[in-house]
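First the structure, in the form of structure tokens, and then the observations on it.
The values are calculated or read from the model by the stated rules, or taken from the named source; none is laboratory data. Only a predicted model underlies this, so the values are computations on that prediction, with no experimental measurement involved. Glycine gets a Cβ as well: all are built from the backbone with ideal geometry, and neighbour counts include every protein chain shown. Note: areas computed on protein heavy atoms with side chains; ligands, DNA, RNA excluded. Shrake-Rupley method; radii C 1.70, N 1.55, O 1.52, S 1.80 Å.
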Amino acid sequence: MENKNAEKIERRTEEDGVIFMSIKNDEEKTNTSSDKDITILAIESSCDETAAAVVRNGREVLSNIISSQIALHTIYGGVVPEIASRKHVEKINGCVKAALSEAGLELKDIDAIAVTYGPGLVGALLVGVSEAKALSFVTGKPLVGVHHIEGHICANFIEDKNLEPPFMCLVASGGHSHLVYVKDYGEYDIIGQTRDDAAGEAFDKVARAIGLGYPGGPKVDAAAKEGNPDAIHFPRAKTTEKSYDFSFSGLKSAVLNYLNQAEMKGEVVNKNDVAASFQKAVVDVLTEHTMDAAAEYGCKKIAIAGGVASNTALRERLEQECDKRGYTFFRPSPVLCTDNAAMIGAAGYYEYLKGVRSGMDLNAVPNLPLGNRERRYHGRS
Ligand code: KG4
Ligand code: ZN
């Protein structure tokens, strides 16, 4: 079963590299607000996108501004942390201003400021955290620190206004691969995670090895559409029986071995076939674990999150498997799967409702753990 509201969000790219996201379905974006509404200004700068958004009541995106650094890092074949931090400093004020102006609001209309404080690149996170702290200090508005991966999961609440926990969420990004049982708003049980490389990391490394370059995921996705997914059999890693953990380093090594052997034999490699066969191996494992976990937990709602969740083959396969079982499949539009601040506004809203408030001692935490609520209460209120 497909959720009805999927893919309603479109993106439009401006020349200076700033992407303005607008909402296709205008009736979703109301210009009226009531006293009960909670409007959050959200900031995200954990990796290579500087982003700011205004989100009302956790689900209604009034603006979503993303300044992507992809073009800048492409020449180095990956994200250069120092360059990312400097670019965030240059772009952050402009993104915040654009987010407010696109929402038709001023700082005084905002109820709280939410910001990603981990996990991510420490220098990059610090830029967003400092900006949010400064805005909170001058306006006196509450500050809410948000976990980046919880933000990814909450992108599903924006896409589908009717989604309520509990549900099973597959989180696959550049740094994380988790199977998360979302028990309630802000309540996350990790039931599986990668033992080595994250799924997105495997996509990026394989893309580099076959000469597709950075960013790897979208390039492998595109190449795979021209290739045969059954051309080469790459291994599907099993960790232990009954475990929902993932392992992608063996698959990555198998692809590298295949390429090396072909080179030694002087054979020409069909890059599209390698991309399609590798992608199928990843999709098989992610799908199998998600469906097994859903069955064990008696969960009929499946969601996906993170950059890899924008992968065409993964979306198609999960949709088919959900259809077979009568499950409802929730998937954010691709622009909400990759890093953005609207998802931080959604997660920040539920944290705000739970009373989470961060103090001026909020700091960037590069390896912030997911799901441990105690550790997410921090700072003075
Ligand atoms: O969530 P995200 O934007 O940033 C992190 O929090 O890591 O995820 C980025 C990751 C990268 O590894 C990128 O290659 C991967 O998501 N990715 C994809 C696709 N689009 C982005 N992987 C597979 N297929 C895609 N279409
Ligand atoms: Zn992310």
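Residues considered: Glu82, Glu201, Glu131. Largest GNM mean-square fluctuation over the chain, using C-alpha springs under 10 Å, is found at Glu82.
Rank by packing, highest mean first: peptides 323-329, 152-158, with packing defined as the count of other Cβ atoms within 10 Å averaged across residues. Before the final figure, lay out each step's value.
Values: 323-329: 14.9, 152-158: 28.0.
Answer by packing, highest mean first, reads 152-158, 323-329.
Mean 1/r over all different Cα pairs, inverted: what Kirkwood radius does the stretch 64-153 give, in Å? Let's see the in-between values first.
Details: mean 1/r = 0.0706 Å⁻¹.
About 14.2 Å for the stretch 64-153.
Show me the ranking of peptides 98-110, 114-126 by mean Cβ neighbours inside 10 Å, starting with the highest. Could the numbers behind the result be given before it?
Details: 98-110: 16.4, 114-126: 24.9.
Ranking the peptides 98-110, 114-126 by packing returns 114-126, 98-110.
Residues whose amide H comes within less than 5 Å of that of Gln193, counting only those at least five positions distant or on another chain, are Leu179, Asp245, Phe246 (H built at 1.01 Å from N in the peptide plane). Sequence-distant contacts, meaning Cα pairs under 8 Å at least 6 residues apart, place the relative contact order of the chain at 23 percent.
With the full set of protein chains in place, find how many percent of the accessible area of the chain is carbon and sulfur; take the probe as 1.4 Å. If you can, show how the numbers build up before the last one.
Values: 7770 of 16010 Å².
Whole-percent figure for carbon plus sulfur exposure: 49.
Extension gain for the segment Lys225 to Glu187, taken as residue separation times 0.36 nm less the Cα-Cα distance, is 10.0 nm to one decimal.
A simple spin-label model places pseudo-atoms 7 Å from Cα toward Cβ; at Thr239 and Glu263 they are separated by 3.2 nm. Dividing the convex hull volume of the alpha carbon atoms of the chain by its residue count gives 134 Å³ per residue.
Estimated purely from DSSP H runs of n ≥ 4, each contributing -39500 (n - 2.57), the mean residue ellipticity at 222 nm for the chain is -13000 deg cm²/dmol once divided by its residues.
Sorting the segments 84-95, 359-370 by their residues' average number of neighbouring beta-carbon atoms within 10 angstrom, most packed first, yields 84-95, 359-370.
Taking all protein chains into account, the per residue accessible area for the chain stands at 42 Å² (1.4 Å probe). Tell me whether the stretch 82-219 comes out rounded, prolate or oblate; compute the Cα gyration tensor, take square roots of the eigenvalues as a ≥ b ≥ c, and use a/c under 1.5 as the rounded threshold. Oblate, because a/c is 1.5 or more while a/b does not exceed b/c.
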